[in-house]
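The values are calculated or read from the model by the stated rules, or taken from the named source; none is laboratory data. Because the structure is predicted, anything quoted here is derived from the model rather than measured. Here Cβ is always computed from backbone atoms with ideal geometry, including for glycine, and neighbour counts include all displayed protein chains. When the accessible area is computed, the model is the full protein with side chains, heavy atoms only, and any ligands, DNA or RNA have been set aside. Shrake-Rupley method; radii C 1.70, N 1.55, O 1.52, S 1.80 Å.
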Amino acid sequence: SRAPERAPQEPASSGLDGVRVATVQGLLARDERPDADVLVLDEAHHFAAPEFRALPTDYAHAKVVGLTATPERADGTALGDIFQAMVVAADYPDLVADGHLVPCRVLRPERQLARGLAQDPVIAYLAHGEGRSGFVYVPRIGEAKRLADRFNAAGVPALAISSETELSVRDDALGDLAAGHVRLLVNVFCLTEGVDVPAASIC
């Protein structure tokens, strides 16, 4: 999950000789970048954005490897200017068969909506949620708080968290979800990439 913005930090050593791990923000904030022969970019689809693009540009001399489960950006911006080829390491069915991902049951409207929700989230959860624990995604903090209040009023224990919530509070919320004290985390921009929460089985 994406942490709140913090002061840029020095690139951290990974414990392997010659390998350094750093955040994009930390590297971009430095006047001088540490030298690198190989640059490995996690969540590589972000590097098409102008603010992230500066990093591979600064390492034009290095070999660049990008890792992502989202090689097609929603805005259609191509990654071909940064990466020369795409190697598919695994397909969704392979990852399910090997136990890395779970099969999904998807409920959706019969046709794509121009805007708005297909169904009210509280009504949808009460009808289809089967008492499962998981996440609700909303775009604004105020909306998250109101929706969490509505879930609680409907007898579904819920908490609202966001990218602005302190990390310790977020950790406690995830602990409460795992322990069964909370059933839903209504979140804004924090339970996104790289999140692995076995207690969650619905969103």
Scan SER168, SER163, SER201 and give me the residue that is of a type in the set (S, T, N, Q) and either in contact with a Cys (Cβ under 7 Å, 6 or more places away or on another chain) or closer than 25 Å to HIS45 by Cβ (or both).
SER163
Counting only residues in the stretch 41-85 that are aliphatic (A, V, I, L, M) and open to solvent by 90 Å² or more (accessible area, probe 1.4 Å), the one nearest to the chain's Cα centre (by Cα) is identified as ALA69
Which one is nearest to the chain's Cα centre (by Cα), of the residues in the stretch 95-105 that are within 17 Å of THR68 (Cβ to Cβ) and surrounded by 12 or more Cβ atoms within 10 Å (Cβ to Cβ)?
LEU101
In the stretch 28-53, residues that are of a type in the set (A, V, I, L, M) and more than 23 Å from GLY80 (Cβ to Cβ) total 1
Quick check on ARG30: is it in contact with a Pro (Cβ under 8 Å, 6 or more places away or on another chain), basic (Lys, Arg) and surrounded by 12 or more Cβ atoms within 10 Å (Cβ to Cβ)?
yes
Do we find a residue being in a helix (DSSP H, G or I), touching a residue at least 60 places away in the same chain (Cβ under 8 Å) and touching a strand residue (DSSP E or B) at 6+ places or on another chain (Cβ under 9 Å) anywhere in the stretch 174-194?
no
Here is a list: ILE123, ILE141. Which entry is under 21 Å from the mean Cα position of the chain (by Cα), open to solvent by 40 Å² or more (accessible area, probe 1.4 Å) and modelled with pLDDT of 95 or more?
ILE141
Quick one: which residue in ALA199, ALA114 is aliphatic (A, V, I, L, M) and surrounded by 13 or more Cβ atoms within 10 Å (Cβ to Cβ)?
ALA199
Kindly evaluate SER133 against the criterion of being of a type outside the set (Phe, Trp, Tyr), open to solvent by less than 70 Å² (accessible area, probe 1.4 Å) and modelled with pLDDT under 90.
no
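Residue by residue, here is whether (1) among the charged types (D, E, K, R); (2) at pLDDT below 85 holds:
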site: PRO4; (1), (2): no, yes
site: PRO11; (1), (2): no, yes
site: VAL24; (1), (2): no, no
site: ASP35; (1), (2): yes, no
site: VAL40; (1), (2): no, no
site: HIS45; (1), (2): no, no
site: THR57; (1), (2): no, no
Please identify the pairs in which a residue from the stretch 23-39 that is farther than 14 Å from HIS61 by Cβ has its Cβ atom under 8 Å from the Cβ atom of a residue that is open to solvent by 20 Å² or more (accessible area, probe 1.4 Å) and not in a loop (DSSP other than H, G, I, E, B), counting only partners at least 6 apart or on another chain.
VAL24/HIS46; VAL24/PHE52; LEU28/GLU51; LEU28/ALA54
Of everything in the stretch 144-178 that's farther than 23 Å from VAL195 by Cα and basic (Lys, Arg), which residue is least open to solvent (accessible area, probe 1.4 Å)?
ARG150
Looking at the stretch 71-156, what helices (runs of 4 or more DSSP H) fall wholly within it and have at least 1 residues that are closer than 30 Å to VAL40 by Cα?
92-97
